[in-house]
Amino acid sequence: MIYSPQSAFQDKITISAMQNKKLGEMLRYINTHSPHYKRLFQNNNIDISAIQSVKDLVLLPVTNKEDLQQNNDDFLCVGKNRIIEYTSTSGTLGSPVTIALTENDLQRLAYNEYSSFVCADSKPDDIFQLMLTLDRQFMAGMAYYSGIRKLGAGVVRVGPGVPSLQWETIARLKPTTIVAVPSFIVKLIQFAAEHNIAINKTSVQKAICIGENIRNTDFSLNVLGKKITGHWNIKLYSTYASTEMQTAFTECGEGKGGHHQPELIIIELLDENNQPVPAGVPGEVVITSLGVEAMPLLRYKTGDICMAFDEPCKCGRSTLRLSPVIGRKKQMIKFKGTTLFAPALFELLNGMAEVREYVAEVYSNEIGTDEVLLYLVPVRNTEECDHQIRAYLQAKLRVSPHIKYMLPEEMQKLQFPETSRKPVKFIDKRTGG
């Protein structure tokens, strides 16, 4: 299995020809080995030989997360004796979805992250401090670790949380790069300010930001990104990925979107009718994985809404770039006549000086419409602070959500339940949510 980060620098015609060839190989593979796709093709009278290029994908049905959850084992293309890693991701119907990997899949995953770190200007003499979990069937932590090893760089596995331990490790081992959730980087900055740590004199030069947006759709830094760079003079690189796609879209130094890795994945952006949208228009990210052995996916709908940009990047890569996630279809909120996505609500809350921490909960009221409850840790438990928070939310949202104030220790339990691998910022308790 030979991959090269240089494939992203090839001209569009060469990239297109390579993807068309790999798509044909993938279709023949799943038609032979995947019980789910074999059945799908038979039931829909699909002749895969009619699919000659990526443009022909519109002739094929899409795959949803519900399909993957309800028929999880039917997506397996290899015997269980060839599976050496079981990862999982959240399911829409309650129970987790299992994503199995073979040895070749793990090698592909390592290459994916290696290529991502190369894109993010990383070098073998870097030292990475991983501020995330490497257990609990979490693919991302394993991918970062494997990619750093393939890069030949140093790695420090500290795990999530505990700012005091993170700073002690930074002082002792002097990492050049941290991999962390942006809102946790803000907590690191707050801890440093409270304990007189001179953060701009430390060894850290950049951060690979995971799980949350640090940019607006025009690629300018959002509130969270500005909160970090306003205090810490480090370079931020955003990355977008999911367990199902086993591939990441990572920013280069230009900071103009996550770069597509064309040898690993085919990407489509589709509208509500599963038709392609033009560049610069929001659409749902739909992926077809290339080179995956155990559980390859064809036209898999991620539920994430992004925009794509296809003009060449100043870094020299000619591949498509993805905007930050505008929203997730499952997290769309229709509240008293206002429609908003969770990331827009998070951006608003991140910009409130009166709020330390938050979790947004959405539930159905007695007539079946959405209600929003914000759990907040205020900076001060005063009537004035409460008035400022409510006035700000009313001004920005045009409607008033319900608010419940919490103590920091209560918020810690809400954001980090025992079963969670990532901080919880959104709870969906809607009927069918």
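General remarks:
- Note on the stretch 281-356: with neighbouring protein chains present and a 1.4 Å probe, carbon and sulfur make up 56 percent of its accessible heavy-atom surface.
- The string of couplings for the stretch 242-248 from the Karplus curve (6.51, -1.76, 1.60, θ = phi - 60°) is 8, 4, 5, 7, 6, 8, 10 Hz, one whole number per residue in order, with x for Gly and Pro.
- Residue-count net charge about residue 256 - beta-carbon cut-off 13 Å; Lys, Arg +1, Asp, Glu -1: -1
- Helical contribution to [θ] at 222 nm, DSSP H n ≥ 4, -39,500 (n - 2.57), averaged over the chain, rounded to 500: -9500 deg cm²/dmol
- Net charge over other residues, Cβ less than 10 angstrom from the Cβ of residue 426 (K, R count +1; D, E count -1): +1
- With Cα atoms, 0 to 90° folded angle of helix 383-397 axis to the chain main axis: 30 degrees
- The stretch 146-196: C-alpha gyration tensor shape, a/c 1.5 cut-off, then a/b vs b/c: prolate
- With contacts taken as Cα pairs under 8 Å at a separation of at least 6 residues, the stretch 200-259 carries a relative contact order of 31 percent.
- Distance between modelled label sites at residue 134 and residue 429, nm, 7 Å Cα→Cβ extension: 3.7 nm
- For the chain, the longest site-free run once trypsin sites (Lys or Arg not before Pro) in DSSP loop states with at most 15 other Cβ atoms within 10 Å are removed: 137-313
- Filter on 12/65; 65/404; 334/413; 21/301 - keep pairs with C-alpha separation over 24 Å: 12/65; 65/404; 334/413
- Distant-in-sequence amide H partners of residue 88 (H built 1.01 Å from N, under 5 Å): 99, 139
- Contour minus Cα-Cα distance for residue 418 and residue 84 (0.36 nm per residue): 117.7 nm
- Between residue 205 and residue 344, the distance separating the two model label sites (each 7 Å from Cα on the Cα→Cβ line) works out to 3.9 nm.
- When a 1.4 Å probe is rolled over the protein heavy atoms, the share of accessible surface on the stretch 122-237 that falls to carbon and sulfur comes to 51 percent.
- Distance (nanometres) between label positions extended 7 Å along Cα→Cβ at residue 391 and residue 32: 7.0 nm
- Candidates 257, 230, 280, ranked by Gaussian network fluctuation over the chain, Cα under 10 Å, top entry: 230
- Rolling a 1.4 angstrom probe over the protein heavy atoms with all chains in place gives the chain an accessible area of 46 Å² per residue.
- Extension gain, residue 190-residue 14: 0.36 nm per intervening residue step, less the Cα-Cα distance, totals 58.5 nm.
- An oblate overall shape is assigned to the stretch 204-353, the ratio a/c of its alpha-carbon gyration tensor axes (a ≥ b ≥ c) being 1.5 or greater and a/b not exceeding b/c.
- The slack in the chain from residue 309 to residue 174, taken as 0.36 nm per residue of separation less the alpha-carbon distance, amounts to 44.9 nm.
- Percent antiparallel among DSSP beta bridges (both partners in the chain, rounded to 5): 65 percent
- Global geometry of the stretch 1-110, whether rounded, prolate or oblate, following the gyration tensor of its Cα atoms and the 1.5 cut on a/c: oblate
- Free of any GluC sites (Glu not before Pro) that DSSP assigns to a loop and that have at most 14 other C-beta atoms within 10 Å, the longest stretch within the chain is 1-253.
- Counting DSSP beta bridges with both ends in the stretch 101-256, the antiparallel % (nearest 5): 25 percent
The values are calculated or read from the model by the stated rules, or taken from the named source; none is laboratory data. Quantities reported herein were computed from a predicted structural model and do not represent experimental measurements. So basically every Cβ, Gly included, is an ideal-geometry build from the backbone, and we count neighbours across all protein chains shown. Heavy atoms of the whole protein, side chains included, go into the accessibility calculation; ligands, DNA and RNA do not. Shrake-Rupley method; radii C 1.70, N 1.55, O 1.52, S 1.80 Å.
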